[in-house]
Amino acid sequence: MNIMLRVPLNTNPEQLARLQALQISFAQVCNALAPTVQQTRVWNRVALHHLMYRSLRERFPELGSQMVCNVIYSVSRTCRMVFQHPQSPFNLARLGDKPLPLLRFSDNCPVYFDRHTLSVKDGQLSMYTLDGRMRFALALQPADEANFNEKKLREIVLSLRADNIYELSFMFSEGPEDASEPVSAASAEVPEYVMVEEAQ
């Protein structure tokens, strides 16, 4: 069973600007990777990493090595939703031999973090940005604290809500880890932050 914890971030204008810059840069690197998926039909995370990690690091040194890994995860995950979900209009079975469409990520696409780029300890959250770590005080309920200590953290996502507040979503799983996708990936809808450009 998966448990989701959502934490809104109380940002000042400078912190808001830093999070926006990170989000735009993340989207930019996603868009640099997407044409490779379209041309090669490769979106397995490990295969994509071997194919593109080094060149993305060279092209976008400002993003940092671990965030480039998170971009690869994000693109791989989105491609699985778009090209593999049985109900997706762009499912490979429907496309057949037609060229894959190109995915374009908007500047407000979610940013994925991991334990190297975001940590929570003693009520303090420390997260990677383009110009150093940013810290927030977290007022967690005891049950939420217990999730961080006792459960497997599957996914950390930063997204901008409709009311212009940045929010972190933490997904925990109970029991042994399995290879299945997090529940949030189960929708057949193309995410609203992705534009699908069909090949001519």
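The values are calculated or read from the model by the stated rules, or taken from the named source; none is laboratory data. This one's a predicted model, so the numbers in the text were calculated from it and none came from an experiment. Ideal geometry is used to build each Cβ from the backbone, glycine not excepted, and the neighbour counts take in all protein chains shown. We work out accessible area using only protein heavy atoms, side chains counted, and drop any ligands, DNA or RNA first. Shrake-Rupley method; radii C 1.70, N 1.55, O 1.52, S 1.80 Å.
Kindly express, to the nearest 10 degrees and within the range 0 to 90, the angle between helix 65-84's C-alpha long axis and the longest C-alpha principal axis of the chain. Computed tilt is about 50 degrees. Take the Cα radius of gyration of region 38-99 and divide it by 2.2 N^0.38 Å, N being the number of residues; the result is 1.26. Using R0 = 22 Å, the C-beta based FRET efficiency linking Ser65 and Ser106 works out to 0.35.
Across the accessible surface of the chain, with the other protein chains kept in place and a 1.4 Å probe, carbon and sulfur atoms take up 50 percent. Ranking Thr11, Thr129, Thr40 by solvent-accessible area of protein heavy atoms (1.4 Å probe, all protein chains present), from largest to smallest, gives Thr40, Thr11, Thr129.
Put simply, the convex hull of the Cα atoms in region 21-136 casts, on average, a shadow of 8.0 nm².
Helix 13-40 and the longest principal axis of the C-alpha atoms of the chain enclose an angle of approximately 30°. In the chain, taking the dipole from charged Cβ atoms about the Cα centre, the farthest positive-side position among Leu16, Gln66, Gly123 is held by Gln66. Once you sort the root eigenvalues of the Cα gyration tensor of the chain as a ≥ b ≥ c, which label holds: rounded (a/c under 1.5), prolate (a/b larger than b/c) or oblate (the other case)? It comes out prolate by the Cα gyration axes.
Placing unit charges on the Cβ atoms only, positive for Lys and Arg and negative for Asp and Glu, gives region 1-134 a dipole magnitude near 420 debye about its Cα centre. Our summary gives region 14-91 a relative contact order of 31 percent, counting only alpha carbon pairs under 8 angstrom and 6 or more residues apart. Translational diffusion of region 1-50 was estimated from the Stokes-Einstein equation, with Rh taken as the Kirkwood radius over Cα pairs; at 20 °C and 1.002 mPa s the coefficient is 154 µm²/s. For the chain, the relative contact order comes to 32 percent (Cα pairs under 8 Å, sequence separation of at least 6).
The Rg/Rh ratio for region 70-183, using Cα coordinates for both the radius of gyration and the Kirkwood hydrodynamic radius, is 1.03. From most to least packed by mean Cβ count within 10 Å, the peptides 137-149, 106-118, 68-80 give 68-80, 106-118, 137-149.
FRET efficiency for the pair Glu167 and Val46, taken as 1/(1 + (r/R0)^6) with r the Cβ-Cβ distance and R0 = 41 Å, rounds to 0.90.
Available extension along the chain between Glu198 and Asp144 is 15.2 nm, counting 0.36 nm per residue and deducting the alpha carbon span.
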